[in-house]
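First up is the structure itself, then whatever we jot down about it.
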Amino acid sequence: MNNDKIAPTTSQNQAGCASGCGSGCCSTSGIGKKRKIIICLAVAFAAAIVLAYGIMQKAEAQSDLGQNALETANESNQMDSSTWGKPIESLASLSQEASQKDIVFLYLPIKGQGPDENIMREIQSATGKAQSRGTMAAFFALDEGSEDYAQLTNQVPAPFVLVIVKGSYPSAVPVNISQEGGMGVVSGDISEENLLYAMVAASRPSASCCPAPSAKSPSTKCC
């Protein structure tokens, strides 16, 4: 008897599903799967966008960092000519221009060719190193058209650097700058190392023992 009661109900459900009008009788698993697939795809797409954006941001940050590092390196390698100011007219003017300095690097470039940036960079570097050690230092260029320039380059061919200690600033061009106390000459290999060596040598009383520069030994490095 129980089977007779169940059979009509089952037949009615099947008929309702077949006609598409039964309420709650048909399976909705197909629609649920599609919805889940759509949601999953949307989430995956959004995640891909976020990941791509993060990668782009990281790449841009690294690019900016590299660019900044390159610009910093370029700036450090560039010589700042604005710090030199106007060339001085004579050695006597050092008494005023560098009265508060312990040491002066006076650059005499080749006449008509202008200052050499590599030499200027080495002078600036030596000045900075001297200052880092507690020495008040300054650098200047001597006017190519001045009388002192002509007299000095008659003694030592340009380019060269006069390294002069405070208290030894001459009022006129010495007869022999290579033998003058409190003064050193660096020519030929004008480097930070040689400039600092000349500074130390010029600061010693024995600095006058240095011989005049020659073609074989153009850079003063003695005593």
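Some points to look at:
- Evaluating Lys129 against the criteria (1) assigned to a loop (DSSP other than H, G, I, E, B); (2) surrounded by fewer than 17 Cβ atoms within 10 Å (Cβ to Cβ); (3) touching an Asp or Glu at 6+ places or on another chain (Cβ under 8 Å) leaves one unmet condition, (1).
- Residues that are under 21 Å from Gln151 (Cα atoms), in a loop (DSSP other than H, G, I, E, B) and modelled with pLDDT of 85 or more, drawn from the stretch 177-223: Glu180, Gly181, Gly182, Gly188, Ile190
- All of Ser95, Ser82, Ser90, Ser76 fail the test of being of a type in the set (Ser, Thr, Tyr), modelled with pLDDT under 90 and under 17 Å from Ala172 (Cα atoms), apart from Ser95.
- Scanning the stretch 111-128 for residues that are touching a residue at least 24 places away in the same chain (Cβ under 8 Å), at negative phi and over 20 Å from the mean Cα position of the chain (by Cα) yields Lys111, Pro115, Asp116.
- The set of residues from the stretch 179-190 being surrounded by 17 or more Cβ atoms within 10 Å (Cβ to Cβ) and either within 14 Å of Phe160 (Cα to Cα) or of a type in the set (D, E, K, R) (or both) comprises Glu180, Met183, Gly184, Val185, Val186, Ser187, Gly188, Ile190.
- Total residues in the stretch 132-155 satisfying the condition of being surrounded by 21 or more Cβ atoms within 10 Å (Cβ to Cβ) and over 26 Å from the mean Cα position of the chain (by Cα): the figure is 3.
The values are calculated or read from the model by the stated rules, or taken from the named source; none is laboratory data. Every value quoted in this text rests on a predicted model; they were computed, and no experiment measured them. Reconstructed Cβ throughout: ideal geometry from the backbone, glycine too, with neighbour counts over all protein chains shown.
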